[in-house]
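What follows is one structure encoded as C-alpha cells, with my remarks underneath.
Each value in this text was obtained by applying a stated rule to the coordinates, not by laboratory testing. Note that the coordinates shown come from a computational prediction; the quantities given were computed from them, not determined experimentally. Note: ideal-geometry Cβ built from the backbone for every residue, glycine included; neighbour counts use all protein chains shown.
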Amino acid sequence: MAQDKKLVEEITSMNEDFTQWYTDVIKKADLVDYSSVRGCMIIRPYGYAIWENIQKGLDSRFKETGHENVYMPMFIPEGLLQKEKDHVEGFAPEVAWVTHGGSEQLAERLCVRPTSETLFCDHYANVIHSWRDLPKLYNQWCSVVRWEKTTRPFLRTTEFLWQEGHTAHATAEQAQEETIRMLNVYAEFCENMLAIPVIKGQKTQKEKFAGAESTYTIEALMHNGLALQSGTSHNFGDGFAKAFDIQYTDKSNQLQYVHQTSWGMSTRIIGGIIMVHGDNSGLVLPPRIAPVQVIVIPVSQHKEGVLEKASEICDRLSDIVRVKMDDSDKSPGWKFSEYEMKGVPVRLEIGPKDIEKGQVVLVRRDNGEKIFISIDEIETKVPELLNSIHDNLLRKATALRDEKTYTTVDFADFEKIVSQTPGFIKAMWCGELACEEAIKEKTGATSRCMPFDEEAVSDKCICCGKEAKHLVYWGKAY
RNA sequence: CGGGGUGUAGCGCAGUUGGUAGCGCGCUUGGUUUGGGACCAAGAUGCCGCAGGUUCAAGUCCUGUCACUCCGACCA
C-alpha cells in the first residue's frame, strides 16, 4: 500500500492544515475529550495509558539517580508565593486564587500551585539543618494550574500533569551537576523511549525560568517546523535559599545556604510525540510507550479455529509485549483503520489462509510494510520488529529535524527562513537582550537555546553585526 | 487580552419569506457478511447553548449572555 495514500478520511492532511490535523488526530485516536471546564482537557484511557508509560519510564530513571517521591499541597498561601521576587513576578499573571472556604472568605488567599518551588523551599527550610541532611533529592508527580489565555490539548492547558524534581545541595558545583544530570536523563528518555531527538542547551537570560540562575532545555522540532520545549532543568543557585532562609551547618560549623535545582517534564510531551511521529493516517506511537504494541486482528473470525488460534497467539505474546486482540464484529478493514489512527506500532493479522500456512501477517505502522512470519517465530520476531520500528522512527525524526535545521549569517536570509520554511535556525548572537527582542519583533522567532555543542558559524551577531558571543538555535515555538 | 467562526439527536450537519424539526454517520434488535472503514430490514434518540424581547406563532427576527474553536500578543 502506497505510504502517502490517506487511509482515513476523517483526518485532515498535515500539509493542508497542520493545526486541524493535530486536533483530528487527538480526537480520532481517543486521546482526549474537551471538558466543560474552560481550557481543561479530559485525558481518556488511551491517552492516559501513554502518560502512565511515560511516568514509569521517567520515574524509574529518577529512582536510579537517587531521587525520592513526595507530595506537596496543591495550595500555596499568598505570602509564601511572594517570598522570591522574580519568581512571583513570573507567575503572578497566570495564577488561580482560592478566596473562599465554603461561604467564609479566607484571611489569606490561597494560590492553586502553578509550580511548587515555594512549597519545597518552605519545607526544606524546616528539614535541612546539617550537611548530613544533604543532598535532598525530591520529586513529585502532580498537576499544576496556570491560567492560560490560549489553550490546546496537551500543548497548553489550564491544568496539566507533570513531575517536578526539587533538589537541595551543599555546593554550587553539586547543584550544577544535578541540573545537567537531569537534563541528560530527559534527553536520553526522549531518544530511547519516545524516539524524539532533542537539542540540549541553555536558555538565554530572557527565556530562563522565573527565579532561576540558569535554565537548561531540551528542544524538539515538530513536523511543521515549530520548536517544542520538551523538558527543562534549572539551577537556582542560592537565590531561593536566601529568600526562604534554607541554611545548614557545614563540616567546619559554618552556616551555609543550600544550592537548589528543579526540573520538569509534562503531558505536553505527548503533544510532541503526536507532532513528531504522526502522519496523515493519524497517530504513530513509539513502541516503548505505546499502550498497545501489537493489535491482533482475526480475519474471518467466524470460521472454525480462527478465534482460537488468534487467542493462542495473543496469550503467547502477552508475556513479552503489550498485546490486545480485537474480536469485535466490526469488519477487518474497519479495524485496520481504527488501529492505524490510534498509532498501534504493529498489526498482526491471522486468518484461515495464514492458519493453513502456519503463518501470521505483521504490518508496521511506521512504514506500512507487510511481513509474513511463521507462527513459531512470533516470540523472537515481534520484539525485534518493535525495536526496529523504534530505530526507524528515531532515524526519520532525526532526518526531518536535520532537514529543517538551517544555518545563516544573513538577517534577510534569517527572516526568509522563518517565514517560508520554519525550523531551527542556527545563527550567532552578541548576547544582548535588545537583539533577542529585535529578532522576535521582526521575525517571530525566539531563541530556543544556546546548544552545548557550540560552533562558531560567524564572528558577528546576526542582528547587530557586533562581536558574537554564542551560537543560538532560533525558531518559532509552541 | 484583541480579531474571526460555531452552538439543532451521541458525532457531523441541513432547516427557504417566522407556521411547531430533518439528513448522514453512529447506537439497538434480527439476519447475511468478513484479507483495507460490508449489506438488508426494523427500531430508539431533541429544553434547537442559555436568558430576555418582538409576534397569534420563534430553530428562524432583535438584545444580552455563556461555552467551544481558530488566528494573533504572553507562557511548560
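Only one residue of A:176, A:244, A:276 has its Cα farthest out toward the positive end of the dipole of the stretch A:18-277, where Lys and Arg carry +1 and Asp and Glu -1 on Cβ, and that residue is A:276.
Database remark: amide H of residue A:216 closer than 5 angstrom to the amide H of A:203, A:233, A:234, A:235 (H placed geometrically; neighbours at sequence offset of 5 or more, or on other chains; Pro and chain starts carry no H). For the Cα atoms of chain A, what angle does the longest principal axis make with the long axis of helix A:117-127, in degrees from 0 to 90, nearest 10? Its long axis makes an angle of about 70 degrees. The residue list A:463, A:431, A:445 was ranked by how far each Cα lies along the charge dipole of the stretch A:405-475 toward its positive end, using unit charges on Cβ atoms, and A:445 comes out on top. Relative to the longest principal axis of the Cα atoms of chain A, helix A:268-277 runs at roughly 40 degrees. Over the stretch A:55-108, the hull volume per residue, using the convex hull of the C-alpha atoms, is 149 Å³.
Can you spot the lysines whose alpha carbon is less than 23 Å from residue A:309's alpha carbon? Ignore those fewer than 8 places along the same chain. Of all the lysines, those that pass the test against residue A:309 - Cα under 23 Å, at least 8 places apart if same chain - are A:324, A:330, A:335, A:353, A:357, A:370, A:381.
For the stretch A:5-132, the dipole from Cβ point charges (+1 on Lys and Arg, -1 on Asp and Glu) about the Cα centre works out to 320 debye, to the nearest 20.
For residue A:32, the residues 5 or more places off, or on other chains, whose built amide H falls under 5 Å of its own are A:44. Peptide packing: for A:148-160, A:166-178, A:281-293, A:88-100, the average count of neighbouring Cβ atoms within 10 Å per residue gives the ranking A:281-293, A:166-178, A:148-160, A:88-100, highest mean first.
Taking the Cα centre of chain A as reference, the dipole from Cβ charges on Lys and Arg (+1) and Asp and Glu (-1) amounts to some 460 debye. Amide H contacts for residue A:39 (H built 1.01 Å from N in the peptide plane; partners 5 or more residues away or on another chain; cut-off under 5 Å): none found. In the stretch A:405-475 the Cα-Cα distances spread across 10 Å bins starting at 0 as 24, 62, 14 percent of all pairs. When the square roots of the Cα gyration tensor eigenvalues are ordered a ≥ b ≥ c, the ratio a/c for the stretch A:294-385 is under 1.5, which makes its shape rounded. The long axis of helix A:45-64 is offset from the longest Cα principal axis of chain A by roughly 50 degrees. Fewest neighbouring Cβ atoms within 10 Å first, the residues A:30, A:24 line up as A:30, A:24.
Work out the FRET efficiency for residue A:249 and residue A:63 from their Cβ-Cβ distance, taking R0 = 30 Å, and round it to the nearest 0.05. Each step should come with its number before you reach the end.
Working: r = 29 Å, r/R0 = 0.98.
Using R0 = 30 Å, I get an efficiency of 0.55.
Going through the stretch A:10-87, which trypsin sites (Lys or Arg not before Pro) have at most 13 other Cβ atoms within 10 Å and a DSSP loop state? Kindly include the intermediate steps, with their values, before the conclusion.
Working: sites: A:27, A:28, A:38, A:56, A:61, A:63, A:83, A:85; in loops: A:38, A:83.
Sites meeting the loop and neighbour criteria: A:38.
Phi angles across the stretch A:24-36 convert, under the Karplus curve 6.51 cos²θ - 1.76 cosθ + 1.60 with θ = phi - 60°, into 3J(HN,Hα) values of 4, 4, 4, 6, 5, 8, 6, 7, 9, 10, 6, 10, 7 Hz, Gly and Pro given as x. Relative to the current alpha-carbon distance between residue A:432 and residue A:71, full extension at 0.36 nm per residue lengthens the span by 126.0 nm.
Backbone phi angles across the stretch A:252-261, fed through the Karplus curve with coefficients 6.51, -1.76 and 1.60 (θ = phi - 60°), yield HN-Hα couplings of 9, 6, 9, 6, 9, 7, 7, 10, 10, 9 Hz in residue order; Gly and Pro are listed as x.
Output needed for chain A: three equivalent-ellipsoid semi-axes, defined as square roots of 5 times the C-alpha gyration tensor eigenvalues, in descending order, whole Å. The partial results should precede the final answer.
Numbers: eigenvalues 372, 159, 94 Å².
They are 43, 28, 22 Å, listed from largest to smallest.
The length gained by stretching the chain between residue A:357 and residue A:409 to full extension, at 0.36 nm per residue less their Cα-Cα distance, is 12.5 nm. Across the stretch A:66-71, coupling constants 3J(HN,Hα) worked out from phi with the 6.51/-1.76/1.60 Karplus curve, θ = phi - 60°, read x, 8, 10, 8, 9, 9 Hz, and Gly and Pro carry x. With 32 Å as the limit, the listed pairs A:63/A:208; A:83/A:203; A:28/A:476; A:85/A:416; A:56/A:251 have A:85/A:416; A:56/A:251 beyond it between alpha carbons.
Report the Cα centroid-to-centroid distance between the stretch A:275-293 and the stretch A:410-466 in angstrom, as an integer. What the calculation gives is 33 Å, centre to centre.
Of the trypsin sites (Lys or Arg not before Pro) in the stretch A:384-472, which ones lie in a loop per DSSP and count no more than 16 other C-beta atoms within 10 Å?
On the way: sites: A:395, A:396, A:401, A:404, A:416, A:426, A:440, A:442, A:448, A:460, A:466, A:469; in loops: A:404, A:466, A:469.
Sparse-neighbourhood loop trypsin sites (Lys or Arg not before Pro): A:466, A:469.
Computed on the Cα trace of the stretch A:18-277, the radius of gyration divided by the Kirkwood hydrodynamic radius gives Rg/Rh = 0.98.
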